[in-house]
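One structure below.
What follows is calculated from the coordinates using simple rules that are stated; it is not laboratory data. Because the structure is a prediction, the values reported are computed rather than measured. Quick reminder, even Gly has a Cβ in these numbers, built from the backbone with ideal geometry, and neighbours come from all protein chains shown.
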Amino acid sequence: MQVIWAEQALTGTGWQRDVRVEIADDGKIETVETVEAGRPREGEQVGILLPSPANAHSHAFQRAMAGLTERRGPDPRDTFWTWRRLMYRFLDRLTPEHVEAIAAFVQMEMLEAGYSANVEFHYLHHQRGGQPYDRLSEMSDRIVAAAAQTGISLTLLPVHYQYGGCDKRGLEDGQSRFGTDLDLFARLFEDAKEAVGRLPAGARIGVAAHSLRAVAPESLSLLPTLATEGPIHMHLAEQGAEVEETQAAWGKRPVEWLLDNADVGERWCLIHCTQMEPHETRGLARTGAVVGLCPITESNLGDGIFDGVRWLDAGGRIAVGSDSNVRIALSEELRTLDYSQRLRDRSRAALASAEKSTGRRLFDLVIQGGAQAAGSECEGIAAGSWCSLLSLDQSAVDLVARTGDTILDSFIFAADDRLVDNVWSAGRHVVKDGIHVHRDAIVARYLAAVGQLADAL
């Protein structure tokens, strides 16, 4: 049993002072109680205790190419598609050992930023040239091994990636390490499921289709039967060219087509959705699906601006992730999301509501939406929820004299993730004094891997 004692805590019933949280040996919260004045303090003492969200979308290996693609290419107007060609060149050099080292570093950075869970959208399956490894899930196993080292709560999403476009054309050379037919993918999924099953509390497996470009309609309908209880993820309406290709091939825009042809519901998480028309935004929101937003990467790649105001007005649910991992920063993802709405609409506090400040509303949304995207029972600081929590340094300059919702507003808009001083993931105390408990070993392996990849681009 562990005990956390917080001077302020955002519990399931709102902000409270002098809160004692008791954590059971299974990693779940046993009790949450406010403590009378004068009672001796015990356990881990923190200033500000918050629930911790899941990072809802990541391609771990791309972290090692952060900062290497910020030059203009041969095309007069660089886009996601030119960046993608560079990404293909980079991944051609990756070994399983590289992937494990990079994934552990990514997960460590997520934990130090305040995330307690990693939803890994994993499509790098095969050897160079597309030949499967002897164990089909070799690369998935490496993501699992990284999670075993870092202690993060992993939701692994093996990704089905079959075609190079809506016309079912073959994969490009750069996509060969992703490719699976349905039979191969089903066997790979079962191997990955077995590996995830060896992780401690909080781990789970879901399934993902890469996109409507890469998975045929008949395959898409079968994928939910593999992960019968886990989340279902897919990139959707990310790029203008994707919208055009889908419309030309199938007569509808991506969101329109999905709503008409799939049983979209609360198990689904659709990633990006930066290219939606108003009627698509409202229609997708009504399904109960969550949208996985990655504002830093979406900004970095010039994807577009998500229609957040209309989405939330329609009751839509959101989660945030770090996607390309060019920058892993919880507070900055939320800040970038809100600032994009302000810049587009020339407004202020765009995503605040009549009842909640901007920071409080965003934070509540990504706690709930992140749990949905991860398929987790992490619902905040409440009995029965996973102990997936973070604490902020109450003595930090930007939090002095802050109480209640202004804590979240200051964290998101005036400060950064350096305020995070403790993180628990399913009861595991993995960040202390702002530093991951295995940082030195993780960083050493990452540096060795990056050194071997220095000339990959």
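Sorting check: for 192-204, 108-120, which peptide has the highest mean count of neighbouring beta carbons within 10 Å, and how do the rest follow?
On the way: 192-204: 19.0, 108-120: 28.0.
So the order, starting with the most tightly packed, is 108-120, 192-204.
What is the packing order of peptides 37-45, 89-97, taking the mean over residues of other C-beta atoms within 10 Å and listing the highest first?
89-97, 37-45
If the viscosity is 0.890 mPa s and the temperature 25 °C, what translational diffusion coefficient in µm²/s does Stokes-Einstein give for the chain when Rh comes from Kirkwood over Cα pairs? Before the final figure, lay out the partial values.
Values: Rh = 22.2 Å.
The diffusion coefficient I find is 110 µm²/s.
At what distance in angstrom do the alpha carbon centres of the stretch 229-244 and the stretch 259-307 lie from each other?
8 Å
Could you give the dipole magnitude of the stretch 36-175 about its Cα centre, charging the beta-carbon of Lys and Arg +1 and that of Asp and Glu -1, in debye to the nearest 20? Walk me through the intermediate numbers first.
Numbers: 15 positive and 18 negative charges, 100 e Å.
Computed charge dipole of the stretch 36-175: roughly 480 debye.
So what's the back-of-envelope 222 nm ellipticity for the chain, counting only DSSP H runs of four-plus at -39500 (n - 2.57) apiece and dividing by all residues, rounded to 500?
Working: 14 runs with 157 residues, N = 457.
Helix contribution divided over all residues of the chain: -10500 deg cm²/dmol.
Enumerate the aspartates and glutamates that K432 could reach by cross-link, defined here as Cα to Cα under 16 Å, with residues fewer than 8 away along the same chain left out.
Cα-Cα hits under 16 Å: E44, E109, E112, D393, D417, D421, D440.
How high is the relative contact order of the stretch 196-235, in percent, counting Cα pairs under 8 Å that sit 6 or more residues apart?
Relative contact order comes out at 50 percent.
Would you work out the charge dipole size for the chain about its Cα centre, treating the Cβ of every Lys and Arg as +1 and the Cβ of every Asp and Glu as -1, and quote it to the nearest 20 debye? Before the final figure, lay out each step's value.
Numbers: 46 positive and 65 negative charges, 137 e Å.
Once rounded to the nearest 20, the dipole reads 660 debye.
Using Cα pairs under 8 angstrom and six or more residues apart, how large is the relative contact order of the stretch 143-256, in percent? Please report the intermediate quantities before stating the final value.
Working: 159 pairs, mean separation 32.0, N = 114.
Across the stretch 143-256, relative contact order equals 28 percent.
Quick one: if the Förster radius is 30 Å, what FRET efficiency do T13 and E42 give, using the C-beta to C-beta distance and rounding to 0.05? All intermediate terms of the calculation are to be shown ahead of the outcome.
Working: r = 22 Å, r/R0 = 0.74.
For R0 = 30 Å, the calculated efficiency reads 0.85.
Residues of the stretch 378-418 with backbone nitrogen within less than 18 Å of a virtual label 7 Å along the Cα-to-Cβ line of A352, please, listed as ranges.
402-415
Below 8 Å between Cα atoms, with a sequence gap of 6+, how large is the relative contact order for the stretch 53-374 in percent?
Values: 623 pairs, mean separation 64.2, N = 322.
Over the stretch 53-374, the number comes to 20 percent.
Restricting to bridges with both residues inside the chain, how much of the DSSP beta-bridge set is antiparallel, in percent to the nearest 5? Write out the running numbers ahead of the final one.
On the way: 29 of 64 bridges.
Once the DSSP bridges in the chain are tallied, antiparallel ones form about 45 percent.
Neighbour counts of other C-beta atoms within 10 Å: give me I442, I152 arranged from fewest to most.
On the way: I442 21, I152 33.
By the 10 Å Cβ count, ascending, the order reads I442, I152.
Can you put V32, V450, V291 in order, fewest other beta carbons within 10 Å first?
Values: V32 23, V450 17, V291 29.
Neighbour counts put them in this order, fewest first: V450, V32, V291.
At 0.36 nm per residue, minus the direct Cα-Cα distance, what do Q247 and E379 gain on full extension? Give it in nm, one decimal, please. Before the final figure, lay out each step's value.
Working: separation 132, 0.36 × 132 = 47.52 nm, distance 3.83 nm.
43.7 nm is the gain from fully extending Q247 to E379.
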